[in-house]
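Worksheet for the structure shown next.
The values are calculated or read from the model by the stated rules, or taken from the named source; none is laboratory data. As the structure is a computational prediction, the values presented were derived from the model and not from experiment. Virtual Cβ from ideal backbone geometry, glycine too; neighbours counted across all protein chains shown. Accessible surface areas use protein heavy atoms only, side chains included; no ligands, DNA or RNA. Shrake-Rupley method; radii C 1.70, N 1.55, O 1.52, S 1.80 Å.
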Amino acid sequence: RDIFKPTYQWADVKGDDADIARWVKANTPPGTVWITPPQFEAFRLLAERPIVVDWTSIPFQEDAMREWRRRIRVVYGDVPGGGFVALQGLERNYRTITPERLAQLSVEFDAPFAVIDRRTPWPGAILYENGAYKAVSLR
């Protein structure tokens, strides 16, 4: 007897964030660390690349949680409040990040690449761009 079993696969994940993650997987060296927007939790799974930090992937060990919070502040800035209000502030901060700040973060976290908002000014070469994001080399 056949039983209907709904399934969800990574191929079902769509959108500009999934598109750029798939491009990264196909076109950049494995193991390279990426700086990404705060709400890019699927990136590490779709791109199969490590990231510095994201808002959603909270560790549950005490020391790891402190490091996660430190990285949130360092990469996205310190914002008041918590929850979705804080997330909006982090996203706003990341959209206005400067090339100089990304260069500093690249050194601190040994992250040679970043995904930034398509509207964020970038003086260097753009590796890939879609409707919402662009992948850039920081070195």
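Taking θ as phi - 60°, what are the ³J(HN,Hα) couplings along segment 38-46 by the Karplus curve (6.51, -1.76, 1.60), each to the nearest whole Hz, with x for Gly and Pro?
x, 10, 10, 4, 6, 4, 4, 7, 6
Using mean Cβ contacts within 10 Å as the protection proxy, how do 19-32, 74-87, 36-49 order, highest first?
So the peptides 19-32, 74-87, 36-49, ranked by packing, come out 36-49, 19-32, 74-87.
Under a 1.4 Å probe, what is the accessible area of segment 1-121 per residue, stated in Å²? Could you put the intermediate results ahead of the total?
Values: 7380 Å² over 121 residues.
I get 61 Å² per residue for segment 1-121.
Compute the distance from the alpha-carbon center of segment 119-133 to that of segment 33-54, in whole Å.
One Cα centre to the other: 17 Å.
Which shape class applies to segment 81-139: rounded if a/c is under 1.5, otherwise prolate when a/b exceeds b/c and oblate if not, where a ≥ b ≥ c are the square roots of the Cα gyration tensor eigenvalues? Before the final figure, lay out each step's value.
Values: a/c = 2.30, a/b = 1.39, b/c = 1.65.
Since a/c reaches 1.5 but b/c is at least a/b, the shape of segment 81-139 is classed as oblate.
Using a 10 angstrom cutoff on alpha carbons, build the Gaussian network for the chain and name the most mobile of Gln104, Gln88, Gln61.
Gln61
What distance in nm separates the simple spin-label points at Arg118 and Ala26, each placed 7 Å from Cα in the Cβ direction?
Between Arg118 and Ala26, the label points sit 1.8 nm apart.
Tally Lys/Arg at +1 and Asp/Glu at -1 over every other residue whose Cβ is under 11 Å from the Cβ of Gly124; what's the total?
That works out to +2.
Which residues' amide hydrogens lie under 5 Å from the amide hydrogen of Tyr133, considering only partners 5 or more residues apart or on another chain, with H built in the peptide plane?
Here the answer is Arg118, since their amide H atoms fall under 5 Å of that of Tyr133.
Summing Lys, Arg as +1 and Asp, Glu as -1, what charge do residues with Cβ under 14 Å from the Cβ of Ala47 carry, Ala47 excluded? Before the final figure, lay out each step's value.
On the way: positive: Arg22, Lys25, Arg44, Arg49; negative: Asp16, Asp17, Asp19, Glu41, Glu48, Asp54.
Around Ala47, the charge tally is -2.
Applying the Karplus parametrisation 6.51 cos²θ - 1.76 cosθ + 1.60 with θ = phi - 60° to the phi angles of segment 131-139, what ³J(HN,Hα) value in whole Hz is obtained for each residue in order, glycine and proline being reported as x?
x, 10, 9, 9, 9, 10, 8, 9, 9
State, as an integer percentage, the relative contact order of segment 54-139 based on alpha-carbon contacts under 8 Å between residues 6 or more apart.
Once divided by the residue count of segment 54-139, the mean separation gives 20 percent.
Stokes-Einstein at 25 °C, 0.890 mPa s, Kirkwood radius from Cα pairs: D for the chain in µm² s⁻¹?
155 µm²/s
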